[in-house]
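Novice: Questions regarding the structure given below will be posed in turn.
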Amino acid sequence: MTTTSEKVKCLIVGGGPAGYTAAIYTSRANLQTVLYEGLQPGGQLTTTTDVENFPGYPKGVSGTEMMMEIREQAGRFGADIRFGSVTKANLDKRPFVITIDDKHTIEAETLIIATGATAKYLGLPSEEKYRGQGVSACATCDGFFYKGQDVAIVGGGDTACEEAIYLSNICRKVYMIVRRNVLRASQAMQNRVLKAQNIEILWEHQTKEILGSTNGVTGALLTNKAGEEKTIDIQGFFLAIGHTPNSGLFTPAVKTDELGYICTKPGTAYTNVPGVFAAGDVQDSQYRQAITAAASGCIAAKDAEFFLNEQ
């Protein structure tokens, strides 16, 4: 197979709010920026409904439209934005050698990893069918659209409890679908859930099917430990069973925590590898918001600029 090669000052991997924002800053700093968007240009926001909590959009905006506008802004300043995915990364020394689609190599003086995280789903065909039409993996992103309605959330950990409480302040009724007979969340979070009047925990239940119509989700078919089926009427179905950070290609060179999130020096985007920076959900297991991802993209870009200036 014939391969081609080039050299750049800054390579950004990932086309979500973190990657695009980083590209805005590195391009304005004349860092000869190349950005590869990966398999999902725009990131997770392109799978959500309207975004209403990002500053500057008082009437809300679709996730896809917002990402394309930020992408256009990066391009305006000279970022070379390309479609393609990293298939190999050699971070043993600078310049780093990154292989794209097994056929093109880039020697990068700095690397910003903004590959995001992938939400875990149950794997049901109906889940995919109604994604964006009632099925969501982010209650804080999409919960507002179900104000005064009945919803369900799957999960029993801290995130599930936190999002159930968030939804309980918006929705009429919140069902928590819990596979076990106990919650895995901290005791403090469990207490808050149990005190909420409009949260009903369905212990030892699993989702068999998500029900819906042309207008979106209308219910969920559940099954309990004994195999008995139960249908609940809902308009929103949320998942809080975890995320998988897309960091695998950069380990073990880049240090991660036990869940695979890239470790960065507190308050910065610096990883343990000099010249390699991380931004967005690939290093954020807590907030996972578009605005925090964009902010960390800015931090990564400024850190990359400082790093190059010191060389």
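Novice: Could you check, for the stretch 99-115, whether at least one of its residues is among the basic types (Lys, Arg), closer than 23 Å to Glu6 by Cα, surrounded by fewer than 15 Cβ atoms within 10 Å (Cβ to Cβ) and free of Cβ contacts under 8 Å to residues at least 40 places away in the same chain?
Specialist: No - not one qualifying residue is present in the stretch 99-115.
Novice: Next question. With respect to Arg94, determine if the residue is in contact (Cβ under 8 Å) with a residue 40 or more places away in the chain, under 19 Å from Pro274 (Cα atoms) and charged (D, E, K, R).
Specialist: yes
Novice: I'm checking my understanding of the structure. Among residues of the stretch 262-287 that are in a loop (DSSP other than H, G, I, E, B) and within 19 Å of Gly15 (Cβ to Cβ), which one is farthest from the chain's Cα centre (by Cα)? Even if it seems obvious, please write down each step before you answer.
Specialist: Start the filter on the stretch 262-287 by keeping residues that are in a loop (DSSP other than H, G, I, E, B), which leaves 263-269, 271-275, 279, 283-287.
Subset that is within 19 Å of Gly15 (Cβ to Cβ): 269, 279, 283-284.
Values: Ala269: 17, Ala279: 11, Gln283: 10, Asp284: 9 Å.
Residue satisfying both the conditions and the ranking: Ala269.
Novice: Right, Lys255: touching a residue at least 24 places away in the same chain (Cβ under 8 Å), over 19 Å from the mean Cα position of the chain (by Cα) and over 20 Å from Gly43 (Cβ atoms) or not?
Specialist: Answer is no for this residue.
Novice: Name every residue in the stretch 91-141 that is under 30 Å from Val8 (Cβ atoms), part of a loop (DSSP other than H, G, I, E, B) and either of a type in the set (Gly, Ala, Ser) or under 17 Å from the mean Cα position of the chain (by Cα) (or both), in order of residue number.
Specialist: Taking the stretch 91-141 and keeping what is under 30 Å from Val8 (Cβ atoms), we get 91-118.
Subset that is part of a loop (DSSP other than H, G, I, E, B): 91-95, 101-103, 114-116.
Result: Ala114, Thr115, Gly116.
Novice: Moving on. Among what's in the stretch 1-55 and is under 14 Å from Ala79 (Cα atoms) and of a type in the set (D, E, K, R), pick the residue that is surrounded by the most Cβ atoms within 10 Å (Cβ to Cβ).
Specialist: Going through the qualifying residues, I end up with Glu37.
Novice: Would you confirm whether or not the stretch 240-253 contains a residue that is over 24 Å from Ala160 (Cα atoms), assigned to a strand (DSSP E or B) and either touching a Gly at 6+ places or on another chain (Cβ under 8 Å) or not acidic (Asp, Glu) (or both)?
Specialist: No: the stretch 240-253 contains no residue that is over 24 Å from Ala160 (Cα atoms), assigned to a strand (DSSP E or B) and either touching a Gly at 6+ places or on another chain (Cβ under 8 Å) or not acidic (Asp, Glu) (or both).
Novice: Still on this model: Need pairs with beta-carbon distance below 8 Å; first residue closer than 19 Å to Ala117 by Cβ and within the stretch 287-311, second of a type in the set (Lys, Arg); sequence gap 6+ or separate chains.
Specialist: Listed by first residue and then by second, the contacts come to nothing, as the list is empty.
Novice: Quick one: Glu228 ticks every box in (1) more than 24 Å from Gln32 (Cα to Cα); (2) touching a Phe, Trp or Tyr at 6+ places or on another chain (Cβ under 7 Å) bar one, so which box is it?
Specialist: Here Glu228 clears every test but (2).
Novice: Name every residue in the stretch 132-161 that is free of Cβ contacts under 8 Å to residues at least 40 places away in the same chain and over 20 Å from Glu52 (Cα atoms), in order of residue number.
Specialist: Gly156, Asp158, Cys161
Novice: Would you call Ser213 surrounded by fewer than 16 Cβ atoms within 10 Å (Cβ to Cβ) and modelled with pLDDT of 95 or more? Spell out how you get there, then give the answer.
Specialist: On the way: surrounded by fewer than 16 Cβ atoms within 10 Å (Cβ to Cβ): yes; modelled with pLDDT of 95 or more: yes.
Yes, satisfied.
Novice: Further question: Over 14 Å from Leu11 (Cα atoms) and free of Cβ contacts under 8 Å to residues at least 60 places away in the same chain: which single residue out of Gly78, Gly42 fits that description?
Specialist: Gly42 is the lone residue from the list that is over 14 Å from Leu11 (Cα atoms) and free of Cβ contacts under 8 Å to residues at least 60 places away in the same chain.
Novice: Residue under question is Glu229, and the condition is that it be more than 24 Å from the chain's Cα centre (by Cα) and closer than 22 Å to Ile70 by Cβ; does it hold?
Specialist: Values: more than 24 Å from the chain's Cα centre (by Cα): yes; closer than 22 Å to Ile70 by Cβ: no.
Here the answer is no, as Glu229 does not meet what is asked.
Novice: Now a separate question. Here are the criteria: (1) assigned by TED's automatic domain parsing to the domain that holds Val151; (2) under 27 Å from Gln286 (Cβ atoms); (3) surrounded by 13 or more Cβ atoms within 10 Å (Cβ to Cβ). Tell me which single one Asn191 does not satisfy.
Specialist: (3)
Novice: Evaluate the following for Thr218: is it part of a strand (DSSP E or B), at pLDDT 95 or above and surrounded by fewer than 17 Cβ atoms within 10 Å (Cβ to Cβ)?
Specialist: yes
The values are calculated or read from the model by the stated rules, or taken from the named source; none is laboratory data. Fair warning: this is a prediction, and the values are worked out from it, not measured in the lab. So basically every Cβ, Gly included, is an ideal-geometry build from the backbone, and we count neighbours across all protein chains shown.
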